[in-house]
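The values are calculated or read from the model by the stated rules, or taken from the named source; none is laboratory data. All of these numbers come straight from a predicted model, not from anything done at the bench. All Cβ positions, even for glycine, are placed from backbone atoms using ideal geometry, and neighbour counts span all protein chains on display.
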């Protein structure tokens with residue numbers, strides 16, 4: 001059973017054809033990370049990362065465009081904490097779904113817990129200009 | 001497996017060619033070397049210095065062995081040493097040739113006198129005013145040396161495998177499975193010979209093509225206006241000359257100890273150029289326009305995953321291998337357009 005329940009809500013995002021939140025290149029991704037502790041947990045660092053990664057047949061490439069430590073300390077059982085975050089998106093790469101390659105943008109939350117398995121959560125979103133709301137295929 | 005990098009922003013300047021790349025290009029759009037460090041170009045150069053060194057050392061070694069052989073060996077042994085030395089000289093000559101190629105620069109985007117994509121890669125509007133721009137062919141690295149390289153490999157491989165086969169045929173008690181064992185090596189050798197002949201035939205007929213386009217970089221929705229020239233070494237009746245705008249996904253992955261690369265092409269548009277019969281040293285030329293769709297994805301160059309656009313040229317000659325070459329076109333994100341349209345919505 002996980003010690004932490006982690007979730008994230010992205011603010012002000014439109015919805016892409018695939019149903020996931022969508023942003024334009026250069027936009028600011030803003031949202032809130034919600035963390036609930038199931039038991040008392042000492043957290044060495046709650047990291048919020050915004051970045052992209054590739055998926056598909058190739059070895060994974062990934063880049064983190066924004067990284068911050070939102071919290072460090074003791075999380076008490078039954079308590080829910082909210083951590084707002086924002087990150088400015090670069091001009092690219094845009095989200096992409098090809099035959100061999102996919103480019104996926106995501107907000108990833110990692111909680112480092114001493115002497116236990118780290119907890120993590122990721123929420124993907126789409127980065128594309130208006131002309132490419134459907135990110136499937138090269139054109 | 002993951003090759004995560006530190007948070008990045010803005011442009012990345014290539015340490016090898018000083019070309020400015022978008023922050024999400026981990027491979028330079030100009031020289032195709034990693035933008036993160038200069039170690040690869042250093043090792044690249046060292047490799048060819050190594051070729052020179054080995055070549056010179058081998059030639060020197062030949063002299064020493066000839067001297068020893070002349071002094072102490074019998075006539076029969078001298079013959080064996082002569083055969084061995086011939087192979088040695090062959091390898092040494094190839095190493096020296098490789099060293100010479102390396103000093104000239106093998107990479108298609110690093111040839112002298114080649115402007116390469118614009119330094120203003122991050123400013124699409126500025127790049128649009130760049131005027132006619134010459135693209136480097138993907139095959140430039142091996143266009144002249146490819147046949148020689150293939151002949152070298154083919155001779156080396158066939159020399160070994162056929163020697164083995166002949167030794168088996170001469171021997172009186174060769175088992176059937178020994179022939180089965182050597183058969184794949186013989187087949188590979190024959191394949192190499194076919195490849196060498198094919199490459200030689202192509203080079204006998206064509207010089208490398210020259211492609212110029214109207215802009216250094218493009219954004220989705222742009223029109224690629226191209227002009228293609230190619231000098232024929234011999235007279236030829238050209239069946240067709242087509243130029244395709246191709247979007248190519250290239251992924252690299254590790255399978256055991258082998259690094260595998262897979263590609264997938266999507267042809268966006270194709271133009272057939274007007275062609276006729278040509279005399280030797282005549283120039284096959286043509287121009288056309290190809291449109292990058294407004295909804296197209298931009299070029300993406302990461303270490304192991306790439307999405308690139310190419311102008312793919314195919315020149316078909318009856319009863320002769322087709323000449324094929326690709327010219328890379330850099331498509332950048334339409335930052336300005338996308339922001340404007342987003343502001344309207």
What tally of residues in the stretch A:23-52 results from selecting those that are touching a helix residue (DSSP H, G or I) at 6+ places or on another chain (Cβ under 9 Å) and more than 14 Å from chain B (Cβ to nearest Cβ)? 0
Only one of B:163, B:172, B:200 is assigned to a loop (DSSP other than H, G, I, E, B) and at pLDDT below 85. Can you tell me which? B:172
Pairing a residue in the stretch B:148-164 that is over 14 Å from residue B:187 (Cβ atoms) with any residue that is at pLDDT below 85 and surrounded by 16 or more Cβ atoms within 10 Å (Cβ to Cβ), where Cβ atoms lie under 6 Å and the two sit 6 or more apart in sequence or on different chains, gives B:150/B:199; B:152/B:94
Any idea how many residues of the stretch B:213-237 are under 24 Å from residue B:323 (Cα atoms), crowded, with 20+ Cβ neighbours inside 10 Å and more than 14 Å from chain A (Cβ to nearest Cβ)? 6
Quick one: in the stretch B:290-345, of everything that is within 14 Å of chain A (Cβ to nearest Cβ) and within 30 Å of residue B:200 (Cα to Cα), which residue is modelled with the lowest pLDDT? B:329
Could you tell me which of the residues B:210, B:243 is over 30 Å from residue B:23 (Cβ atoms), buried (at least 18 other Cβ atoms within 10 Å of the Cβ) and either touching a helix residue (DSSP H, G or I) at 6+ places or on another chain (Cβ under 9 Å) or in contact (Cβ under 8 Å) with a residue 40 or more places away in the chain (or both)? B:243
Scope the stretch B:175-192; condition at pLDDT 85 or above and exposed (fewer than 10 other Cβ atoms within 10 Å of the Cβ); matching residues: B:180
Out of the residues in the stretch A:14-46 meeting the condition of being more than 20 Å from residue A:84 (Cα to Cα) and free of Cβ contacts under 8 Å to residues at least 12 places away in the same chain, tell me which one is surrounded by the most Cβ atoms within 10 Å (Cβ to Cβ). A:15
I'd like the full set of residues that are part of a strand (DSSP E or B), crowded, with 19+ Cβ neighbours inside 10 Å and within 13 Å of chain B (Cβ to nearest Cβ), limited to the stretch A:107-136. A:108, A:126, A:127
Quick check: anything in the stretch A:63-76 closer than 19 Å to residue A:133 by Cα, without any contact (Cβ under 8 Å) to a residue 40 or more places away in the chain and either within 14 Å of chain B (Cβ to nearest Cβ) or buried (at least 18 other Cβ atoms within 10 Å of the Cβ) (or both)? no
For the stretch A:53-62 the number of residues that are facing another protein chain (nearest Cβ under 7 Å) and either crowded, with 21+ Cβ neighbours inside 10 Å or part of a strand (DSSP E or B) (or both) is 5
Scan the stretch A:88-98 and tell me whether some residue there is surrounded by fewer than 15 Cβ atoms within 10 Å (Cβ to Cβ), away from chain B (no Cβ under 12 Å) and either modelled with pLDDT of 90 or more or not in a loop (DSSP other than H, G, I, E, B) (or both). no
Check off (1) surrounded by fewer than 18 Cβ atoms within 10 Å (Cβ to Cβ); (2) in contact with a helix residue (DSSP H, G or I) (Cβ under 8 Å, 6 or more places away or on another chain); (3) free of Cβ contacts under 8 Å to residues at least 40 places away in the same chain for residue B:197 and give me the number that stays unchecked. (2)
